[in-house]
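**Student:** Quick one: structure below, then a few questions.
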Amino acid sequence: MIDNNQHLRTYYDVLQLLKKFDVYIYVGRRLYDIELAALELDHLAQAGVIDQQTYLQANIVLRAEHHRQEVADRKKAQKG
């Protein structure tokens, strides 16, 4: 199990964590990338390779980022 000594504060931090496990994410749409990152994070936690605190920190970051992206997408759709 990897014990996280770093603080996960940004989406980039979460992607760097996933890269430690050779998980690279690019679907082409940012919202989908965030959702896939959350699924991969769930799998790592279920496999027991990341600790609970790391999982929770990363999950909070991903939820916040997902919300921000949904708001941005809605604003873009209203303009378009």
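**Student:** Residues in segment 22-66 that are closer than 15 Å to Arg9 by Cα and open to solvent by 80 Å² or more (accessible area, probe 1.4 Å): how many?
**Tutor:** 4
**Student:** Here's another thing I want to ask about it. Does segment 66-75 contain any residue that is without any contact (Cβ under 8 Å) to a residue 60 or more places away in the chain and assigned to a loop (DSSP other than H, G, I, E, B)? Don't jump to the end; show me each part of the working.
**Tutor:** Initially, segment 66-75 is screened for residues without any contact (Cβ under 8 Å) to a residue 60 or more places away in the chain, giving 66-75.
Add one more test, that the residue is assigned to a loop (DSSP other than H, G, I, E, B), and what stays is none.
The answer is no; no qualifying residue exists.
**Student:** Out of the residues in segment 5-21 that are surrounded by fewer than 16 Cβ atoms within 10 Å (Cβ to Cβ) and part of a loop (DSSP other than H, G, I, E, B), state the one that is modelled with the lowest pLDDT.
**Tutor:** My answer is Asn5.
The values are calculated or read from the model by the stated rules, or taken from the named source; none is laboratory data. Being a predicted model, the structure only gives us computed values, none of them experimental. Quick reminder, even Gly has a Cβ in these numbers, built from the backbone with ideal geometry, and neighbours come from all protein chains shown. Each accessible area value is taken on the protein alone, full model and side chains, heavy atoms only, with ligands, DNA and RNA left out. Shrake-Rupley method; radii C 1.70, N 1.55, O 1.52, S 1.80 Å.
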